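Take a look at the structure set out below.
The values are calculated or read from the model by the stated rules, or taken from the named source; none is laboratory data. Because the structure is a prediction, the values reported are computed rather than measured. In this analysis, Cβ positions are derived from the backbone assuming ideal geometry, glycine residues included, and neighbour counts consider all displayed protein chains.
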Amino acid sequence: MLLPLAMTLLCGCPSAGSQPSPVGPPIGDAVGDAVRLAAGDHVFLLAHDGRDRRYIVHVPSSVAEQPAVMIALHGGGGTAAQFKDENGLDAVSERGGFLAVYPDGTGPLASALLTWNAGFNCCGYALDQDVDDVGFLEAVLDDLADRMAHDPDRVYVTGHSNGAIMAYRFAAEASDRVAAIVPVAGAMAIEDPSPSRGVPVLHIHSVDDPRALYHGGEGPPFPATRRTVVHEPVTAGLRFWVDLEGGDAEPVELARRTGTGRDRGQSLVHIRWEGCSDGGVVEHMRLHGVGHGWPGVRVARPLFRRLLGPPTSMIDASEEAWTFASRFRR
């Protein structure tokens, strides 16, 4: 039981058994020097920093000649295939016409227990092995450009938990490659960040998250292990980006919502820091009464609900990620 339990810790998923389709050559028509991929899912291998890495691309049925790209980073212990199957981003991609890209982290096994080297405190194998995941994500974008033309000024990154922390690191260390980020249930954990430019941020997180503690501090151990993570306060990471952009000290409230039905007892406050320079935007959807899972995904099994806390359908994090990010160009 150790592996299935650990795999669910930070990914917030009811299962992790799905597998991507076999790796094959890109399928589609040539467009300039790049191949125009056919609609559907494509899995690509990429050698980077002495490792064989993998990423999945979902191409919607209707796509522009220069589509936007949304990179979606799984949680700690998850996989690209699991995150793709469960977070609903493919359906948003079909409506929005953007490429949904799901990279795999690294781990002791080829297709399980994968993590990202997201900062000084997280997470697992990738942190222990000092994996160059910022360089890997840059290599994914370069490799994707050779396979299908896309708009380099509309590259967005979202992620869950360990993947959210990684989204922050990518924005801080490769800000010239990303137009906006939407971290979900994972706070920034970078020593001395020095991005070359401000990056719009929408952070989604529950004050009552039992795993990635909103106010910071040592979280509970990974199931069946003694390993823990000391989390940074959510507000500290948000404050960094607000200060970088010269934003106001206090945010304004954009919306307030109370849950009904299965979401009874839950609430949401959506805030934004005004006054940011150069079009920078910092927003936060602060949930109450909600657990660690990806908002919009219902967790059925009682075991996972105990580990992750209550799910919510008050918002769909995949929808919110695209709605926010698509407003921006690099």
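Of the residues screened, residue 140 is not one that is outside any helix (DSSP H, G or I) and β-branched (Val, Ile, Thr).
The numbered conditions (1) surrounded by 20 or more Cβ atoms within 10 Å (Cβ to Cβ); (2) over 23 Å from residue 231 (Cβ atoms); (3) of a type in the set (A, V, I, L, M) are all true for residue 114 except (2). Taking the criterion of being farther than 18 Å from residue 156 by Cβ, touching a helix residue (DSSP H, G or I) at 6+ places or on another chain (Cβ under 8 Å) and assigned to a loop (DSSP other than H, G, I, E, B), would at least one residue in segment 256-274 satisfy it? Checked against the condition, which is being farther than 18 Å from residue 156 by Cβ, touching a helix residue (DSSP H, G or I) at 6+ places or on another chain (Cβ under 8 Å) and assigned to a loop (DSSP other than H, G, I, E, B), segment 256-274 yields no hits at all. Considering every residue within segment 120-127, establish whether at least one is under 19 Å from residue 150 (Cα atoms), touching a strand residue (DSSP E or B) at 6+ places or on another chain (Cβ under 6 Å), of a type in the set (Phe, Trp, Tyr) and surrounded by fewer than 24 Cβ atoms within 10 Å (Cβ to Cβ). No, that holds for no residue.
Go through the residues of segment 138-152 one by one and say whether even a single one is modelled with pLDDT of 95 or more and under 14 Å from the mean Cα position of the chain (by Cα). No, every residue in segment 138-152 fails to be modelled with pLDDT of 95 or more and under 14 Å from the mean Cα position of the chain (by Cα). Among the residues of segment 106-138, which ones are free of Cβ contacts under 8 Å to residues at least 60 places away in the same chain and within 13 Å of residue 51 (Cβ to Cβ)? If the condition is that a residue be free of Cβ contacts under 8 Å to residues at least 60 places away in the same chain and within 13 Å of residue 51 (Cβ to Cβ), then 106, 107, 108, 110, 114, 117, 125, 126, 129, 130, 133 are the ones that fit.
With respect to residue 230, determine if the residue is farther than 28 Å from residue 92 by Cβ and either surrounded by fewer than 18 Cβ atoms within 10 Å (Cβ to Cβ) or at pLDDT 90 or above (or both). Judged against the criteria, residue 230 is a match.
Listed conditions (1) farther than 30 Å from residue 152 by Cα; (2) in contact with a Ser or Thr (Cβ under 7 Å, 6 or more places away or on another chain) are all met by residue 306, apart from (2).
Residues that are of a type in the set (Asp, Glu) and more than 18 Å from the chain's Cα centre (by Cα) within segment 91-117 comprise just one, 94. The listed residues are 219, 198, 237, and the only one of them that is farther than 22 Å from residue 297 by Cα, surrounded by 15 or more Cβ atoms within 10 Å (Cβ to Cβ) and without any contact (Cβ under 8 Å) to a residue 40 or more places away in the chain turns out to be 219.
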